[in-house]
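First up is the structure itself, then whatever we jot down about it.
Derivation of every value follows stated rules applied to the coordinates shown; laboratory data play no part. All values derive from a computational prediction rather than experimental measurement. Cβ sites come from the backbone with ideal geometry, for glycine too, and all protein chains shown count toward neighbours.
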Amino acid sequence: MRRQDAIAPVPVKRALRKLGQDIRDARRRRRIPVEIAAERASISRTTLSKVEKGNPGVSMGIYARVLFVLGMADRLAQLADVRTDDLGLGLADEALPERIRRSGPPRKDDA
């Protein structure tokens, strides 16, 4: 086992394994042979095999190119979409001030 594989947290390994299986299933449903998918993504068959196994040592760019070949690249933009980040939105809401005070002298149009 390579060092980068060993340090990946278990939930990350599971998620990548599922992504790899989903990519493999998508390729097979489209009836795209391994050789052609690898060629279109400008990668080797060995690298495509690693993608389909969910290898954490494969760069995100390679995963993106394979998804592009499958016509699924648009889904990458949704991975960390702010609108679906419930934890981040909750933390941002907690940081909102109770009151907002004006700084500086009052303006003439406020009177």
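Above 25 angstrom, tally the Cα pairs of the chain and express them as a % of all pairs, no decimals.
It works out to 44 percent of all Cα pairs.
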In whole Hz, with x marking every Gly and Pro, tabulate ³J(HN,Hα) for the stretch 51-57 from phi via Karplus 6.51 cos²θ - 1.76 cosθ + 1.60, θ = phi - 60°.
4, 5, 9, x, 5, x, x
In nm, the gap between the two label points placed 7 Å beyond Cα toward Cβ at R17 and A92 is 3.4
Place the peptides 57-68, 9-20 in order of packing, highest mean first, counting for every residue the other Cβ atoms within 10 Å and averaging per peptide.
57-68, 9-20
Of all lysine pairs in the chain that are eight or more residues apart or on different chains, those with Cα atoms under 16 Å apart total 4
Test item: Cα-centred dipole of the chain, Lys/Arg +1 and Asp/Glu -1 on Cβ, debye:
620
Each residue of the stretch 32-46 in order: what ³J(HN,Hα) in whole Hz does its phi give by Karplus 6.51 cos²θ - 1.76 cosθ + 1.60, θ = phi - 60°, with x for Gly and Pro?
9, x, 3, 4, 6, 4, 5, 4, 5, 8, 6, 10, 7, 4, 4
Karplus-derived 3J(HN,Hα), 6.51/-1.76/1.60, for each residue of the stretch 62-72, Hz, glycine and proline x
5, 4, 5, 5, 5, 4, 4, 4, 8, x, 10
Taking the alpha-carbon set of the stretch 46-111, what are its Rg and Dmax in Å?
23.0, 73
